[in-house]
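A.B. asks: Structure incoming, see below.
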Amino acid sequence: MSNRRATTVVASFSLMVCMLASVLLLRGLDRIRTATTLEEVLYISSPKLLKRLSLGYQGLLADIYWTRAVQYFGGKHHAGAEHYDLLAPLLQITTELDPQLLVAYEFGSNFLAPAPPNGAGLPQQAIALDEFGIRHNPNDWRLYYDLGFIYYTDLKDYPKAAAAFSRGSEVPNAHPVLKVLAAQMAEHAGDLQTARMLWRATYETTGDTSVRANAAAHLRALLVDEDVENLETLVSIYRQRLGRLPATFADLEKAGMLRGIPVDPLGRTYKLSSDGHVEVRNPDDLPFIRKGLPPGYVPPKTPKFLPSDQG
């Protein structure tokens, strides 16, 4: 037998052994997938080892583990379980085998973050999963969107939610709603300067008339909230100095604490109540304000936007 023929035989035999080993491995993993949805055991928990054993079939193996993760979560959720010990490891293995498997981040974080019975109650693991996805898919704005909502809905961490949405808004071809969400979260966090900057950027860059109107209304609301807080501080200082509340804003002006009668962003004068609180004249025209509302005021279900906002 010539050397060339011997080499061909050996290579062919090696290839057949590798193919057989791959089939046996995948069949074995499929049996493990079914059995361990009932048993809290990961037979192979190392993504690096699985990559070596996959013999180049990492994508296929990732699909198997993703299917297994879905089945695991579904079975636990259906049973009303409070513990999902294998869910995070299964998702980690899935995404490390195939970092571009976007569905695993989108649904996986939604499996992990919500508290039982709606999810596993593991928001930190959900954040780690989405951050891993962002590192490997930095131009997918949906990952930032999911991350922001974990901070918002599950952790009530508004500054970090604002940061996540803001990061996503800078991705090429990102959905315009990310800028809106970032500004709203900054408002929730009390960061008025950041909220104003984000709403201003939204107003100036959007081509959507409804988004533009919404941004303009929020900018007015931020100004009103700031005005009311500053005016009520002046009223408090006036009372400390003179031992009584000012009857009108003219009293503050006479005391050298104001320059003119203050007006809201629509040009209407603010009201000074007898108890020292500052109110707007018509709150229906100033949606989203948090301060300056008359006692017992109930806002309309649909915010009122001005025609000029959409121009």
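The values are calculated or read from the model by the stated rules, or taken from the named source; none is laboratory data. Keep in mind that what you see is a predicted model, and the values were worked out from it rather than measured. Note that each Cβ is placed from the backbone with ideal geometry, even for glycine, and that neighbours are counted across all protein chains shown. To get the accessible areas, we keep the full protein, side chains included, count just its heavy atoms, and leave off ligands, DNA and RNA. Shrake-Rupley method; radii C 1.70, N 1.55, O 1.52, S 1.80 Å.
A.B. asks: Given (1) within 26 Å of residue 95 (Cβ to Cβ); (2) open to solvent by 10 Å² or more (accessible area, probe 1.4 Å), identify the lone condition not met by residue 212.
C.D. replies: Result: residue 212 passes all but (1).
A.B. asks: Just one of the numbered conditions (1) open to solvent by 50 Å² or more (accessible area, probe 1.4 Å); (2) assigned to a helix (DSSP H, G or I); (3) without any contact (Cβ under 8 Å) to a residue 40 or more places away in the chain is not true of residue 182; which one?
C.D. replies: Here residue 182 clears every test but (1).
A.B. asks: What residue, among those in the range 131-159 that are among the polar types (S, T, N, Q) and over 19 Å from residue 119 (Cβ atoms), is most open to solvent (accessible area, probe 1.4 Å)?
C.D. replies: 139
A.B. asks: When you scan the range 265-293, how many residues do you find that are at positive phi and among the hydroxyl-bearing types (Ser, Thr, Tyr)?
C.D. replies: Residues meeting the conditions: 0.
A.B. asks: Filter the range 166-179 for residues that are buried (at least 24 other Cβ atoms within 10 Å of the Cβ) and modelled with pLDDT of 95 or more and give the result.
C.D. replies: The one that is buried (at least 24 other Cβ atoms within 10 Å of the Cβ) and modelled with pLDDT of 95 or more: 168.
A.B. asks: Exactly one of these conditions fails for residue 224: (1) within 16 Å of the chain's Cα centre (by Cα); (2) assigned to a helix (DSSP H, G or I). Give me its number.
C.D. replies: (1)
A.B. asks: When the range 54-101 is examined, which residues are found to be crowded, with 19+ Cβ neighbours inside 10 Å and either touching a Cys at 6+ places or on another chain (Cβ under 7 Å) or of a type in the set (S, T, N, Q) (or both)?
C.D. replies: 54, 92, 94, 95
A.B. asks: Here is a follow-up. Exactly one of (1) closer than 25 Å to residue 197 by Cβ; (2) open to solvent by 70 Å² or more (accessible area, probe 1.4 Å) is unmet by residue 220. Its number?
C.D. replies: Answer for residue 220: the failing condition is (2).
A.B. asks: Among the numbered conditions (1) surrounded by fewer than 17 Cβ atoms within 10 Å (Cβ to Cβ); (2) under 27 Å from residue 291 (Cβ atoms), tell me where residue 162 comes up short.
C.D. replies: For residue 162, the failing item is (1).
A.B. asks: Let me ask you something else. On the basis of being open to solvent by 40 Å² or more (accessible area, probe 1.4 Å) and within 26 Å of residue 119 (Cβ to Cβ), does residue 191 make the cut?
C.D. replies: For residue 191, the condition - open to solvent by 40 Å² or more (accessible area, probe 1.4 Å) and within 26 Å of residue 119 (Cβ to Cβ) - is not met.
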